[in-house]
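Some notes on the structure that comes next.
We did not get these values from a lab; they are worked out from the coordinates using the rules stated. Keep in mind that what you see is a predicted model, and the values were worked out from it rather than measured. In this analysis, Cβ positions are derived from the backbone assuming ideal geometry, glycine residues included, and neighbour counts consider all displayed protein chains.
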Amino acid sequence: MTRALPWRSLGLAVAAIAVFAAPGASTWLTADRSAVGAGELWRLWTGHLVHASFSHLCWNVSALVALGFLFERDLGRAFWKLIAFSCALIGAGSLVLQPALDSYIGLSGLLNSIWVGGALVCARRSRGVLRNAYLICVLAGLTKIAIEGFGGVAIFTDPSKLGGLPVPIAHALGCLGGWLSIGGASSRGPTPGDRQILEAVDARA
């Protein structure tokens, strides 16, 4: 069984690349504290498409596409719900909970949303060892965030080489957004409806 191309994730990746390539775009799109406070609320969503450097962009876009291949089909139409909700939660929450933060940019918070939301949806539709494996993926993501938040150590990247500073609270909010977007505590074992959906998807694959 082959996976279809993750067109939604690829679309977000292209949008991020276009924002990076467009002169002056970041000025209007960054989730800047003063601008958001002045009523430019769209920045809470568009700030995720802005990146501080080419390395920052490449790392985030590569991870986005990889997560798209892993989870986009399983999220289905809930993908855009997850993205829209998590963008607002991450952008607003980061500025409110971290008063010293002047602005927020980058896809990393959303990557955590897709990771948690996708893994929980897959766990809901799985049983036994496979279900436990997806739940371990979620736990691993939360452990990474805890280490970064309390230990001040970036696990996969060196932020100084990406042109910015890590914002662990944004990653934590991303996990929360992913969990809430797909139904939170309702992510338990597969329901008859879930199995019907999976059978229909497998039949089309």
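At-a-glance table
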read-out	value
Amide hydrogen neighbours beyond the local backbone of Asp32, cut-off 5 Å, H modeled	Tyr104
11 Å beta-carbon shell around Leu95, net charge (K/R +1, D/E -1)	0
Interchain or long-range residues, amide H under 5 Å from Gly76's placed H	none
Using θ = phi - 60° and Karplus 6.51 cos²θ - 1.76 cosθ + 1.60, couplings along segment 41-56 (whole Hz; Gly, Pro as x)	5, 4, 5, 4, 9, 6, x, 6, 8, 8, 10, 7, 7, 5, 5, 4
Stretchable slack from Ser34 to Ala92, in nm (0.36 nm times residue separation minus alpha-carbon distance)	19.7 nm
